[in-house]
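Asker: Before we start, here is the structure in question, set down as structure tokens.
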Amino acid sequence: MTGRPVQNRRFCQPQPGLDIMRFAGARAQILAYHQRTKHSVHGYALGPASLDWDAQPNPYRRYEKCESLKLPFTTPSHSYGALFGDEIPAAALSRDSLAQLLEYALSLAAIKVFGVDSWTVRCNPSSGNLHPTEAYLISSDVDGLTNGVYHYNSQDHALERRAHWSHPSLAGAYIALTSVHWREAWKYGERAYRYCQLDIGHAIGALRYSAALLGWKLHLETRISDRALARLCGTDRNDDFAGVEPEAPDLLLRIEQSPALTDTSVAAFLANAEWFGLPNLLDPRPLYEWQIIDQVSQACEKPPSSINTPRRSLPCRRSTDVREQGSLLREGPTQHTPAAQLIKQRRSALAFRPDQTMDRASFNAILTALLPERYTLPFDLLPHTPRLHPVLFVHRVAGLTPGLYCLPRRAEMKTTLQAVMHAQFLWEPIDDVLPLYLLQEGDARALAKQICCHQNIASDSAFALGMLAEFGSILSDDETGWRYRELHWEAGLLGQALYLEAEAHGYRGTGIGCYLDDLFHELLGLGDQRFQSLYHFTVGSPVLDSRISTRPPYLSRSPS
């Protein structure tokens, strides 16, 4: 596409099978959507036929006709390693501490410049750097902030006040996340709903690490329905959103010193609320409609009665006896690097050096970071046991035979996975450091590349992996359709842990949303939907492009 059309028209790609999506139950709709949006050797999931990069949707939502409060910037000195201990005292709940939480989770990290082109990168990664995730702060009786609902404007590091109430019924602070599905669908078409949910997982991971810098825990509110969350954020105000892209409610995070919320307490919160502001239009001339995204979003709606299955409580820190457990954490300057620096320097590698081998200690430490029993941060905010299990393509790790490996994140899942995968797999334990099992020896570079849509980053890295989800048992009936989103959140959370741990050990990661779903399943011998791959990832030594320069993201770092 070389230019914009003269008329503001919407073109809809042919969408066979939508009648099934429309009239089936929620569970059947979700399963049909997931199957329909798989990439395969026969073709990719439906997407736009062409893209006009000059007409990309605005990556920043703003609210006009409301108060905007610029936030201060901070430079905390705590080391990355300190995030996993208990020595960081809990900060008081205030405007400044909440500003720091948002800065190191969702703000701009840098401006990249290449010739006449420039683009921003953020602390929270996003598929295609499209950023469908929006954040709202709900503040009541917090020092330095008027009671109300605020939209976080990452472009200005500012809060836009959407609502105000005079007399709080309770005191606390919460972060709500929503998704603008169109931002992803513009580029990725029908598969975009998956990517929006992965982005939510990355965002909650970014928030959890940022909260640790303040000595805080975060809790995922489990008794809030989607409708109550939309009401809390004001995204259900149809008159305000008339003619602009809607936002779908995703989840609510509670800062630990705040009381839990339910649908009833949300109604009490908003009983005397006064609302302000109108959202901006992100794409004045959208060229496609993807009805299936609206339909699967409705099928995944969380009703008021839904309550997550509780799990046993885990400490929110690295186990003090981690060495006795066999973890070979790499001791060095990276463990003592300021966490704020690592968070701001995190990037997705665009290419890897195929001549570099990863040292074994770093490999062990990176994988250990995925095991909640040892590295509970950031997984302590999930209210359930681990439900995703990495399968690795190991290419270049010192002392480790190249081949296919599996890392069950719950001990009992080793037997379950072994029973459903190919009978000829070895399942040989590597050592007593990790619950890592060799399935098959051999050079897997070409296969990893093919599965990841022929991308070199999957074969030039030290290792790549796919995340197998306990899919069938979670989507057991129509009442649990919303758990489809939760599985993707856990996948994004794993990705965020991989990003930061790789960065901390001198490597770099890249999330991969484009992969051939069933080719990966066939490789493992999976013949049904009991397990499905939701996300792929790769880690290695990055190729740095000296032609790209980096600039600070904000013209002024002084508070207003």
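Asker: I'd like the full set of residues that are within 20 Å of Tyr195 (Cα to Cα) and out of contact with any Ser or Thr (no Cβ under 7 Å at 6 or more places or on another chain), limited to the stretch 103-123.
Answerer: Thr120, Val121
Asker: Another one. Give me the residue from the stretch 112-137 that is more than 21 Å from the chain's Cα centre (by Cα) and among the β-branched types (Val, Ile, Thr) and, out of that set, farthest from His181 (Cα to Cα).
Answerer: Ranking the qualifying residues of the stretch 112-137, first place goes to Val116.
Asker: Right, Thr401: more than 28 Å from the chain's Cα centre (by Cα) and either buried (at least 18 other Cβ atoms within 10 Å of the Cβ) or at pLDDT 95 or above (or both) or not?
Answerer: yes
Asker: Go through (1) part of a loop (DSSP other than H, G, I, E, B); (2) farther than 15 Å from Phe520 by Cα; (3) open to solvent by 60 Å² or more (accessible area, probe 1.4 Å) for Gln418 and report which single condition fails.
Answerer: Result: Gln418 fails condition (1) only.
Asker: To continue, here is another question. Going through the stretch 404-415 one residue at a time, which ones are surrounded by fewer than 16 Cβ atoms within 10 Å (Cβ to Cβ) and not acidic (Asp, Glu)?
Answerer: Result: Ala411, Thr415.
Asker: What residue, among those in the stretch 366-391 that are assigned to a helix (DSSP H, G or I), of a type in the set (A, V, I, L, M) and touching a helix residue (DSSP H, G or I) at 6+ places or on another chain (Cβ under 7 Å), is modelled with the highest pLDDT?
Answerer: Ile366
Asker: For the subset of the stretch 27-74 comprising residues that are of a type in the set (Val, Ile, Thr) and farther than 30 Å from Ala163 by Cα, which member is surrounded by the most Cβ atoms within 10 Å (Cβ to Cβ)?
Answerer: So, considering only residues that are of a type in the set (Val, Ile, Thr) and farther than 30 Å from Ala163 by Cα, the one surrounded by the most Cβ atoms within 10 Å (Cβ to Cβ) is Ile30.
Asker: Considering every residue within the stretch 484-503, establish whether at least one is open to solvent by less than 40 Å² (accessible area, probe 1.4 Å) and either among the β-branched types (Val, Ile, Thr) or in a loop (DSSP other than H, G, I, E, B) (or both).
Answerer: No, the conditions are met nowhere in the stretch 484-503.
Asker: Suppose the filter is outside any strand (DSSP E or B), within 23 Å of the chain's Cα centre (by Cα) and not acidic (Asp, Glu); does Ala469 pass it?
Answerer: No; evaluated as a whole, the condition is false for this residue.
Asker: Of everything in the stretch 519-550, what is among the hydroxyl-bearing types (Ser, Thr, Tyr) and more than 23 Å from the chain's Cα centre (by Cα)? Give them in sequence order.
Answerer: Hits for the stretch 519-550 are Ser546, Ser549, Thr550.
Asker: To continue, here is another question. For the stretch 421-435, what are the residues that are under 21 Å from Ala462 (Cβ atoms) and open to solvent by less than 20 Å² (accessible area, probe 1.4 Å)?
Answerer: Once the filter is applied, which keeps residues that are under 21 Å from Ala462 (Cβ atoms) and open to solvent by less than 20 Å² (accessible area, probe 1.4 Å), the stretch 421-435 yields Val433, Leu434.
Asker: Kindly evaluate Pro259 against the criterion of being modelled with pLDDT of 90 or more and under 25 Å from Lys187 (Cα atoms).
Answerer: So Pro259 fails the test.
Asker: Given the residues Glu256, Glu301, which is the only one that is within 25 Å of the chain's Cα centre (by Cα) and under 27 Å from Tyr209 (Cβ atoms)?
Answerer: Exactly one residue qualifies, and that residue is Glu256.
Asker: How many of the residues in the stretch 504-544 are over 19 Å from Met421 (Cβ atoms), part of a strand (DSSP E or B) and hydrophobic (A, V, I, L, M, F, W, C)?
Answerer: Of the residues in the stretch 504-544, 3 are over 19 Å from Met421 (Cβ atoms), part of a strand (DSSP E or B) and hydrophobic (A, V, I, L, M, F, W, C).
Asker: Which one of the conditions (1) among the polar types (S, T, N, Q); (2) in a loop (DSSP other than H, G, I, E, B); (3) modelled with pLDDT of 85 or more does Asn8 fail to meet, given that it meets all the rest?
Answerer: (3)
Asker: Please go through the stretch 179-192 and pick out each residue that is more than 16 Å from Gly511 (Cα to Cα) and surrounded by 24 or more Cβ atoms within 10 Å (Cβ to Cβ).
Answerer: Passing the criteria: Ser179, Val180, Arg183, Ala185, Trp186.
Asker: Hey, another quick one. Taking Ser127 as the residue in question, decide whether it is touching a residue at least 60 places away in the same chain (Cβ under 8 Å), touching a strand residue (DSSP E or B) at 6+ places or on another chain (Cβ under 7 Å) and either open to solvent by 10 Å² or more (accessible area, probe 1.4 Å) or among the polar types (S, T, N, Q) (or both).
Answerer: Spelling it out, it is not the case that Ser127 is touching a residue at least 60 places away in the same chain (Cβ under 8 Å), touching a strand residue (DSSP E or B) at 6+ places or on another chain (Cβ under 7 Å) and either open to solvent by 10 Å² or more (accessible area, probe 1.4 Å) or among the polar types (S, T, N, Q) (or both).
Asker: Would you confirm whether any residue within the stretch 74-91 is more than 24 Å from Leu342 (Cα to Cα) and either without any contact (Cβ under 8 Å) to a residue 12 or more places away in the chain or of a type in the set (A, V, I, L, M) (or both)?
Answerer: no
Asker: Restricting to the stretch 156-207, and then to whatever is out of contact with any strand residue (DSSP E or B) (no Cβ under 7 Å at 6 or more places or on another chain) and of a type in the set (S, T, N, Q), can you tell me which residue is modelled with the lowest pLDDT?
Answerer: Across the stretch 156-207, the extreme among qualifying residues is Ser169.
Asker: State whether one or more residues within the stretch 436-446 are assigned to a strand (DSSP E or B), out of contact with any Pro (no Cβ under 9 Å at 6 or more places or on another chain), open to solvent by less than 10 Å² (accessible area, probe 1.4 Å) and over 21 Å from Ala365 (Cβ atoms).
Answerer: Within the stretch 436-446, one or more residues are assigned to a strand (DSSP E or B), out of contact with any Pro (no Cβ under 9 Å at 6 or more places or on another chain), open to solvent by less than 10 Å² (accessible area, probe 1.4 Å) and over 21 Å from Ala365 (Cβ atoms).
Asker: Hey, can you tell me all the residues within the stretch 210-233 that are part of a helix (DSSP H, G or I) and surrounded by 22 or more Cβ atoms within 10 Å (Cβ to Cβ)?
Answerer: Ser210, Ala211, Ala212, Leu213, Asp226, Ala228, Leu229, Leu232, Cys233 - these are the residues of the stretch 210-233 that are part of a helix (DSSP H, G or I) and surrounded by 22 or more Cβ atoms within 10 Å (Cβ to Cβ).
Asker: Something else: Are any residues in the stretch 12-29 at pLDDT 60 or above and within 18 Å of Gly189 (Cβ to Cβ), and if so, which ones?
Answerer: Gln29
Asker: Can you work out which of the residues in the stretch 130-150 that are outside any strand (DSSP E or B) and free of Cβ contacts under 8 Å to residues at least 40 places away in the same chain is surrounded by the most Cβ atoms within 10 Å (Cβ to Cβ)?
Answerer: Here the residue is Asn147.
The values are calculated or read from the model by the stated rules, or taken from the named source; none is laboratory data. Nothing here was measured: the structure is a model prediction, and the numbers come from that model. So basically every Cβ, Gly included, is an ideal-geometry build from the backbone, and we count neighbours across all protein chains shown. These area figures cover heavy atoms from the full protein model, side chains too; ligands, DNA and RNA do not enter into them. Shrake-Rupley method; radii C 1.70, N 1.55, O 1.52, S 1.80 Å.
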